[in-house]
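Participant: Have a look at this one before I ask anything.
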């Protein structure tokens with residue numbers, strides 16, 4: 001599946017031995033939905049459920065997660081040991097456990113893991129949702145066996161995680177892979193710089209997320225189409241929708257070329273709702289190439305750009321790996 005140059009097989013995931021006899025529950029806490037999954041001791045999926053996310057109410061989020069975990073526990077075999085719970089969500093835990101930088105802003109400043117652990121009576125680990133995507137895809141997904149995996153979520157928000165030899169990087173500030181809150185590289189003269197919730201303007205997230213795609217289309221062509229509507233209209237040949245996707249793909253190519261110049265990953269894995277746009281995988285390598293540093297070389301781009309093998313459920317699988325005891329590294 002992968003070229004051999006530059007690859008080193010990842011070490012077996014610590015989850016293969018840590019808490020090996022336990023089931024694990026993973027929670028993917030998104031802006032529009034919450035998904036829960038249970039993995040058996042061998043790592044196979046044995047239950048899954050999705051519900052809408054009450055994204056603006058912290059108490060309601062706790063209630064929703066507690067309800068999903070309670071439902072999951074009723075599906076465990078009789079006598080099964082208490083499961084671990086991993087939660088992937090927006091933002092990152094600070095040293096004291098409080099969440100920062102979440103675009104689901106009701107989470108910011110809240111000790112999510114501590115509150116959930118007290119509510120559930122179970123050990124709970126929380127990590128950034130993009131780190132969970134990277135963990136899942138580097139463990140048994142599209143990036144399995146790759147030395148360096150950059151995994152990006154293109155959805156309600158835009159973020160990323162980095163896995164090196166199967167271990168996800170976090171960094172001393174919890175910011176490794178915080179791709180969405182950098183400026184878009186090589187900005188064009190006519191390019192908008194929309195405000196971002198982080199307080200800056202022109203962030204990658206403010207130009208590449210699903211809402212940003214819809215806003216860009218409305219700004220140029222009017223109407224109230226969603227990102228999904230625009231992708232479908234483009235597939236049907238609608239000229240305005242095609243133009244919008246062309247602008248979006250150009251921006252995505254520049255954003256990912258900056259990643260390649262800095263990190264040079266073996267594989268870029270894309271998840272989130274926008275990752276289902278098929279033109280990404282046929283057009284992006286060629287679109288990236290002019291922005292990737294080459295000093296006159298005509299060498300082809302070797303970084304692979306692939307959809308998440310586990311699709312929309314990759315993040316929740318990574319959260320379940322957390323529940324099995326796999327931790328991101330500092």
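Participant: Of all beta bridges DSSP finds with both residues in the chain, what is the antiparallel percent, to the nearest 5?
Facilitator: Among the beta bridges of the chain, antiparallel pairing accounts for roughly 55 percent.
Participant: What is the helix-to-structure angle for 210-221, meaning the angle in degrees between its Cα long axis and the longest Cα principal axis of the chain, kept from 0 to 90 and rounded to the nearest 10?
Facilitator: 30
Participant: To make sure I understand, if each residue's beta carbon is the centre and we count other beta carbons within 10 Å, what order do 198, 203 fall in, fewest to most?
Facilitator: 198, 203
Participant: Quick one: helix 314-323 against the long Cα principal axis of the chain, what's the angle to the nearest 10°, folded into 0 to 90?
Facilitator: Its long axis makes an angle of about 30 degrees.
Participant: Report the per residue volume, in Å³, of the convex hull enclosing the C-alpha atoms of the range 184-251.
Facilitator: 80
Participant: What number results when the radius of gyration of the range 134-312, computed over Cα atoms, is divided by 2.2 N^0.38 Å?
Facilitator: The value comes to 1.01.
Participant: A follow-up question, please. Under a GNM of the chain (C-alpha, springs under 10 Å), which listed residue has the highest mean-square fluctuation: 226, 156, 282?
Facilitator: Top of the fluctuation ranking is 282.
Participant: For each of 58, 281, count neighbouring Cβ atoms within 10 Å of the residue's Cβ, then give the residues from fewest to most.
Facilitator: 281, 58
Participant: A further question follows. Per 5 Å bin, what is the whole-percent P(r) computed from every C-alpha pair distance within the range 14-128?
Facilitator: 2, 12, 24, 25, 19, 12, 6, 1, 0
Participant: Rounded to a whole number, what is D in µm²/s for the range 57-186 from Stokes-Einstein with the Kirkwood radius over alpha-carbon pairs (37 °C, 0.692 mPa s)?
Facilitator: Working: Rh = 15.9 Å.
In µm²/s, the coefficient is 207.
Participant: I'd like the orientation of helix 129-140 relative to the chain: the angle between its Cα long axis and the longest Cα principal axis, in ° from 0 to 90, rounded to 10.
Facilitator: With rounding to tens, the tilt is 80 degrees.
Participant: Select one label from [x] 33, 23, 18; [y] 45, 25, 16; [z] 42, 28, 22: the one whose number is semi-axes √(5λ) of the Cα gyration tensor in Å as derived from the coordinates shown.
Facilitator: [x]
Participant: Arrange 22, 302 by Cβ neighbour counts within 10 Å, fewest through most, would you?
Facilitator: With the fewest neighbours first, 22, 302 line up as 302, 22.
Here, each number is a calculation from the coordinates, and none is a lab measurement. Predicted, not measured: the structure shown is a model, and the values here were computed from it. Please note: Cβ atoms are built from the backbone with ideal geometry, for glycine as well, and neighbour counts cover all protein chains shown.
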